[in-house]
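What follows is a set of notes on a single structure, which appears directly below.
The values are calculated or read from the model by the stated rules, or taken from the named source; none is laboratory data. Just so it is clear, the model here is predicted, and its values are computed rather than measured. All Cβ positions, even for glycine, are placed from backbone atoms using ideal geometry, and neighbour counts span all protein chains on display. Surface areas here come from the heavy atoms of the whole protein model, side chains and all, with no ligands, DNA or RNA. Shrake-Rupley method; radii C 1.70, N 1.55, O 1.52, S 1.80 Å.
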Amino acid sequence: MSADPTQVLAFETDCHLFDGCGFPAPGLHSFLFEPLWGDADSNLYFNKTMLLALLGSVVIIGFFWAAFAKPKMVPGKLQMVAEAGYDFVRRGIVYETIGKREGEKYVPFMVSLFFFVWMMNLWSIIPIAQFPVTAIISYPAAIAAIVYVMWVSLTFKRHGFVGAFKNFTGYDKSLGAVLPLSMTIEFFSNLIVRPFTHTVRLFANMFAGHTLLLLFTIASWYMLNGIGIAYSAVSFVMVLVMTAFELFIQAVQAYVFVLLACSFLQGAMAESH
């Protein structure tokens, strides 16, 4: 039976060094949330991470709607920021990976993907929210599944069944006797391992980052007692350092996720990997 997050939180806030209680280290309970609506036992409920995902989508749509609803030849500040973000993904990721001619049709999707992942990551350092949605594996898994379906569909569309099979397996008759082994490895690597690593790369980074932030934040409060105040100050400095580091990692992970998505689509257009 899992711990009640509200009870754990109450324990964490009441516990200090020299009070006779152990350090309330973060754990899996830090990633569990009581339903805001519905019943968790019925698997039909609405919780904090779902709310943050919904709000994040609204924020992104609202931002670009406000920026481009009435575009101007001489852009204002909001339009300039939106254009810079759009152009960064278009030129810096899509064009560089897929190419301008082939990649242009995928720009809207990749821009949406980049900002959605980035926003889901950013919730980690936003007051009150303070949780990265992508630290729950189902969210990056769902996004990676969309990319996976696009990639596999495009491969079959471009090359047909035989051509797609060669593409997935890296068929190259010049390999000779090792060809069957090479094809087997490539097949499992591309169709099974690839979507898994695409998911876990994002999830693991956000999970680890949030755990470290929690660790130093709880430690700052826990040691805020007697001579432990000096240690608390050091821990609080680490909270600030880790927050700044997380800002960087959050953007990098959104970039890497979209870069990999583009590389998958580019590979679907090639004859073989």
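What do you reckon, how do Asp87, Asp41 stack up by accessible area (1.4 Å probe), largest on top?
So the residues, ranked largest to smallest area, are Asp41, Asp87.
Under a 1.4 angstrom probe, counting protein chains only, how are Met110, Met50 ranked by accessible area, largest first?
Order by accessible area, largest first: Met50, Met110.
Could you please put Trp151, Trp65, Trp221, Trp123 in sequence from largest to smallest accessible area, using a 1.4 Å probe? Intermediate results must be reported in sequence, preceding the final value.
Details: Trp151 0, Trp65 185, Trp221 115, Trp123 25 Å².
Highest to lowest solvent-accessible surface, that is Trp65, Trp221, Trp123, Trp151.
Taking R0 as 30 Å, what's the FRET efficiency between Lys173 and Phe196 from their Cβ-Cβ distance, rounded to 0.05? Write down the numbers at each step before the final one.
On the way: r = 29 Å, r/R0 = 0.97.
Efficiency computed from Cβ-Cβ geometry: 0.55.
Count the net charge of all other residues whose Cβ sits under 15 Å from the Cβ of Phe63, scoring Lys and Arg as +1 and Asp and Glu as -1.
Summing Lys and Arg as +1 and Asp and Glu as -1 gives +1.
Run the helix sum for the chain: -39,500 (n - 2.57) per DSSP H stretch of 4+ residues, divided by residue count, reported at 222 nm to the nearest 500 deg cm²/dmol.
Working: 9 runs with 176 residues, N = 273.
When only DSSP H runs of four or more count, the value is -22000 deg cm²/dmol.
Run the numbers on the chain and let me know its relative contact order in percent, using alpha-carbon pairs under 8 Å that are six or more apart.
Result for the chain is 24 percent.
Quick one: which residues, 5+ away or cross-chain, put their amide H under 5 Å from the amide H of Met223? H built at 1.01 Å from N.
Close amide H contacts, sequence-distant or interchain: Leu17.
For Phe187 paired with Val74, estimate the spin-label separation in nm (one decimal), with each label point 7 Å from Cα along the Cα-to-Cβ line.
6.3
From the backbone phi of segment 232-241, what are the Karplus-calculated ³J(HN,Hα) couplings (6.51 cos²θ - 1.76 cosθ + 1.60, θ = phi - 60°) in whole Hz, Gly and Pro given as x?
After applying 6.51 cos²θ - 1.76 cosθ + 1.60, I find 4, 5, 5, 5, 5, 4, 5, 4, 5, 5 Hz.
Apply the a/c threshold of 1.5 to the C-alpha gyration tensor of segment 73-201 and tell me whether it is rounded, prolate or oblate.
In terms of gyration-tensor shape, oblate.
Of Ser182, His29, Leu214, which is farthest towards the positive pole of the chain's charge dipole, taken about the Cα centre with +1 and -1 on the beta-carbons of Lys, Arg and Asp, Glu respectively?
Toward the positive end, the furthest listed residue is Ser182.
Quick test of your reading: applying the under-4.7 Å Cβ rule, which cysteines of the chain are isolated?
Among the cysteines of the chain, those whose Cβ sits 4.7 Å or more from every other are Cys262.
Hand me the GluC sites (Glu not before Pro) from segment 167-273 located in a DSSP loop with no more than 13 other Cβ atoms within 10 Å, in residue order please. Don't skip to the end; give the middle numbers.
Details: sites: Glu186, Glu246, Glu271; in loops: Glu271.
In loop regions of segment 167-273 (DSSP not H, G, I, E or B), the sparsely surrounded GluC sites (Glu not before Pro) are Glu271.
Distance in nm between label sites at Asn47 and Thr243, each 7 Å beyond Cα in the beta-carbon direction?
That separation, rounded to one decimal, is 2.6 nm.
What is the extension gain from Lys105 to Glu34, computed as 0.36 nm multiplied by their sequence separation minus the C-alpha to C-alpha distance, in nm to one decimal?
Numbers: separation 71, 0.36 × 71 = 25.56 nm, distance 4.11 nm.
Result for the pair: 21.5 nm of gain on full extension.
Take the alpha-carbon centre of segment 203-273, take the same for segment 25-102, and report the distance between them in whole Å.
18
Got a number for carbon plus sulfur as a percent of segment 41-199's accessible area, 1.4 Å probe?
Of all accessible area on segment 41-199, carbon and sulfur atoms account for 70 percent.
From the Cα gyration tensor of segment 109-154, with a ≥ b ≥ c the square roots of its eigenvalues, which class applies: rounded if a/c is under 1.5, or else prolate if a/b is larger than b/c, or else oblate?
oblate
Which whole-number value in Å² is the accessible area per residue of segment 126-268, probe 1.4 Å?
On a per-residue basis, 50 Å².
Any chance you could look up the accessible area of Tyr45 with a 1.4 Å probe, heavy atoms only, rounded to 10 Å²?
Ignoring ligands and nucleic acids, Tyr45 comes out at about 70 Å².
Let's test the formula: R0 of 45 Å, r as the Cβ-Cβ distance of Ser263 and Ile227. What FRET efficiency results, to the nearest 0.05?
Here the calculated transfer efficiency is 0.25.
Relative contact order (percent) for segment 117-273, with alpha-carbon contacts under 8 angstrom and 6 or more residues of separation?
The normalised contact order for segment 117-273 reaches 34 percent.
Could you tell me whether segment 135-273 comes out rounded, prolate or oblate from its Cα gyration tensor? Rule is a ≥ b ≥ c as square roots of the eigenvalues, rounded for a/c under 1.5, then prolate if a/b exceeds b/c, otherwise oblate. Mind dumping the intermediate values first?
Details: a/c = 4.14, a/b = 3.15, b/c = 1.31.
Prolate shape, in that a/c is at least 1.5 and a/b is the bigger ratio.
Could you pull out every residue, at least 5 positions away or on a different chain, whose amide H is within less than 5 Å of the one on Tyr45? Hs are placed 1.01 Å off N in the peptide plane, and Pro or chain starts have none.
The list, which skips near neighbours in sequence, is empty: none.
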